[in-house]
Amino acid sequence: MWHDLVFSVNTVFPLLLMMLAGLVAQKLRIIGAEGVRQANSAVFHIFLPLLLCLNIMDTEAGRAPDVRTLLYAMAGVVLSFLLMFPLARRLSPAPEARGVLIQGVARSNYAIFGIPLVLMMYPDANHSVAALMVAAVVPLFNVMATIALMMHSGRTVRLGSIVRGVLVNPLILGTLAGFVLWRLGWTFPTVLDKPLRGLAGVATPLALFLLGASLDFDKVRANARLLTVGVLGRLVAAPMVFLAGAVALGIRDVNLATLIAVFASPTAVSSYPMAQQLGGDTDFAAAQVVLTTALSGITVFLWVFAFKSMGFLT
């Protein structure tokens, strides 16, 4: 029991410290909103794609990632969106809040919060599943969230713009590049490999620092009832359902850790700007991001501790 507790603390606490450092820097005005926006752009376009690419390239030759885990995550994401559509209609009379609630529950911050979680839990493991999971779930998150928001804003869903957005996503491109280079058996020469790994090493701490720096608790003024549903749905209900299913299927260790990262991570930060662009309730969207991020330290710790103590994470 003590070993399981230490494992859980060592997994989650460093992530929280990095986020706390960003929040403190924001409060002390060391970094402002514009600085956070620009640095986030660098993380999204440079550091995270490099990290994903190199993680896949480091996979042992001939050792393919667990396709079952990838397919299960994709099915779970689609199902969570589909379940939320009728539920949101029943819970909210305001159309602009329905799409926000749907994506708030079904769309996790996997790339920014989830990948560091897997790396922290299994620093020496094969991370190809965690890296390829980006290509599996991020397009689904983007497509389903766009549909949910547009349907409830009265706007027309344009398939071409959704596909174009997925194809030019730097995280998807980095993942696919890594997979192609791995399949070809190519590696970077030392003169390139060392600086590229240095840049990739910036991704995790900087992304979490900026996540903390972007939190604005003044925006937590949304509908308390809907916000409660959104927070509990994202941090409790979704992981309870889909992680139980994963365990029943025999998914364990780093693959299970990857699914914890997919289904138990807080609401994606990008949910807020997307709600702004597509006519959603922006106050509600911001509140979901802030509260799920703030409370995820507790809930993720409990999920990791629970599965570790039951022997599903070794």
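Here the condition is being surrounded by 14 or more Cβ atoms within 10 Å (Cβ to Cβ), touching a Leu at 6+ places or on another chain (Cβ under 7 Å) and either closer than 16 Å to Leu48 by Cα or of a type in the set (Phe, Trp, Tyr) (or both); of Val134, Val231, Val220, Val202, it holds for Val134 alone. Quick check on my filter: what residues within region 39-88 are of a type in the set (Val, Ile, Thr) and without any contact (Cβ under 8 Å) to a residue 60 or more places away in the chain? Listed by number, the list holds a single entry, Val67.
All conditions in (1) over 29 Å from Ala148 (Cα atoms); (2) outside any helix (DSSP H, G or I) hold for Leu51, with the sole exception of (2). The number of residues in region 270-299 being within 21 Å of Val166 (Cβ to Cβ) and out of contact with any helix residue (DSSP H, G or I) (no Cβ under 7 Å at 6 or more places or on another chain) comes to 3. In summary, helices (runs of 4 or more DSSP H) completely within region 111-203 and bearing 2 or more residues that are among the small types (Gly, Ala, Ser) occur at 128-151, 159-167, 170-184, 190-200. When Ala207 is tested against (1) surrounded by fewer than 19 Cβ atoms within 10 Å (Cβ to Cβ); (2) in a helix (DSSP H, G or I); (3) of a type in the set (Gly, Ala, Ser), just one condition goes unmet, and that condition is (1). Could you check, for region 164-174, whether at least one of its residues is over 18 Å from the mean Cα position of the chain (by Cα) and either at pLDDT 85 or above or buried (at least 16 other Cβ atoms within 10 Å of the Cβ) (or both)? Within region 164-174, not a single residue is over 18 Å from the mean Cα position of the chain (by Cα) and either at pLDDT 85 or above or buried (at least 16 other Cβ atoms within 10 Å of the Cβ) (or both). When each of Ala75, Ala106 is tested for being at pLDDT 95 or above, among the small types (Gly, Ala, Ser) and surrounded by fewer than 16 Cβ atoms within 10 Å (Cβ to Cβ), the lone residue that passes is Ala75.
Does Ala246 meet the test of being within 20 Å of the chain's Cα centre (by Cα), surrounded by 23 or more Cβ atoms within 10 Å (Cβ to Cβ) and more than 28 Å from Met151 (Cα to Cα)? Yes, satisfied. The residue that is farthest from the chain's Cα centre (by Cα), among those in region 1-38 that are assigned to a loop (DSSP other than H, G, I, E, B) and in contact (Cβ under 8 Å) with a residue 60 or more places away in the chain, is Met1. Would you please name the residue that is farthest from the chain's Cα centre (by Cα), looking only at residues in region 59-104 that are among the basic types (Lys, Arg) and in a helix (DSSP H, G or I)? So, considering only residues that are among the basic types (Lys, Arg) and in a helix (DSSP H, G or I), the one farthest from the chain's Cα centre (by Cα) is Arg90.
The values are calculated or read from the model by the stated rules, or taken from the named source; none is laboratory data. Computed from a prediction, not measured in an experiment: that's the story for all the values here. No Cβ is skipped: glycine too gets one built from the backbone with ideal geometry, and neighbour counts run over all protein chains shown.
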